[in-house]
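Q: Sharing a structure, written as structure tokens. Questions coming.
The values are calculated or read from the model by the stated rules, or taken from the named source; none is laboratory data. Treat the numbers as computed from the prediction; the structure is a model and nothing was measured. Methodologically, a virtual Cβ is constructed for each residue, glycine included, from the backbone with ideal geometry; neighbour enumeration extends over all protein chains shown.
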Amino acid sequence: MIRLFSVLFLGLVLALPMQAAEPLVFENSAQETRYQALTEELRCLVCQNQHLADSDAPLAQDLRVEIHKMMMTGRSDEEIKAFLVDRYGDFVLYRPEVGGNTLLLWALPFTLLLGGALVIIFAIRRRNRILATADEERFE
């Protein structure tokens, strides 16, 4: 008898996460397109390298429902993003705005590219100087 209840309880516990969330209902296709675009601009905080639209994490599902509710109450995309940034930080945005705390994030790739180009230029110049002096010594 205990074994039967254990199996039933285990089956119930395993089946709970499989229940599908209620589908989000939109008033028109423009709202649905706006919703899709917005959720693709936001990062899943659990998966970190997935869009909110693509993630199956429970937090992502909750955030999608929250975004839908905010859209239905008439909030703009900027208001929704500001709410999420206030709550979770700039990390929630795939393309954070350039600001004091994100300046390094935006400038670092360009700085590394410029630094690499300078290293290559100086290395080529040095090699050319060494080859030129070696040629001069050989012909003397």
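Q: Can you tell which of T111, T73 is among the hydroxyl-bearing types (S, T, Y) and loosely packed, with under 10 Cβ neighbours inside 10 Å?
A: Working: T111 fails: loosely packed, with under 10 Cβ neighbours inside 10 Å.
The conditions single out T73.
Q: I would also like to ask the following. Of all residues in the stretch 38-47 being assigned to a helix (DSSP H, G or I) and touching a helix residue (DSSP H, G or I) at 6+ places or on another chain (Cβ under 8 Å), which is farthest from E97 (Cα to Cα)? Working first, answer last.
A: Going through the stretch 38-47, the residues assigned to a helix (DSSP H, G or I) turn out to be 38-41.
With the extra rule that they be touching a helix residue (DSSP H, G or I) at 6+ places or on another chain (Cβ under 8 Å), the set shrinks to 38-39, 41.
Values: L38: 15, T39: 17, E41: 12 Å.
Filtering the stretch 38-47 for residues that are assigned to a helix (DSSP H, G or I) and touching a helix residue (DSSP H, G or I) at 6+ places or on another chain (Cβ under 8 Å), the one farthest from E97 (Cα to Cα) comes out as T39.
Q: Quick one: is V119 of a type in the set (V, I, T) and touching a residue at least 24 places away in the same chain (Cβ under 8 Å)? Quick ask: steps written out before the conclusion?
A: Values: of a type in the set (V, I, T): yes; touching a residue at least 24 places away in the same chain (Cβ under 8 Å): no.
Against the criterion (of a type in the set (V, I, T) and touching a residue at least 24 places away in the same chain (Cβ under 8 Å)), V119 does not qualify.
Q: Let me ask something else about it. I need a count of the residues in the stretch 48-79 that are over 20 Å from P23 (Cβ atoms) and either more than 14 Å from the chain's Cα centre (by Cα) or in a helix (DSSP H, G or I) (or both).
A: Within the stretch 48-79, the subset over 20 Å from P23 (Cβ atoms) is 48-50, 74-79.
When the remaining residues are screened for being either more than 14 Å from the chain's Cα centre (by Cα) or in a helix (DSSP H, G or I) (or both), the result is 74-79.
Number satisfying all stated conditions: 6.
The rows are residues; the columns are (1) surrounded by 11 or more Cβ atoms within 10 Å (Cβ to Cβ); (2) at pLDDT below 90; (3) among the β-branched types (V, I, T).
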site	(1), (2), (3)
P58	yes, yes, no
E78	no, no, no
K81	yes, no, no
Y88	yes, yes, no
L93	yes, yes, no
G99	no, yes, no
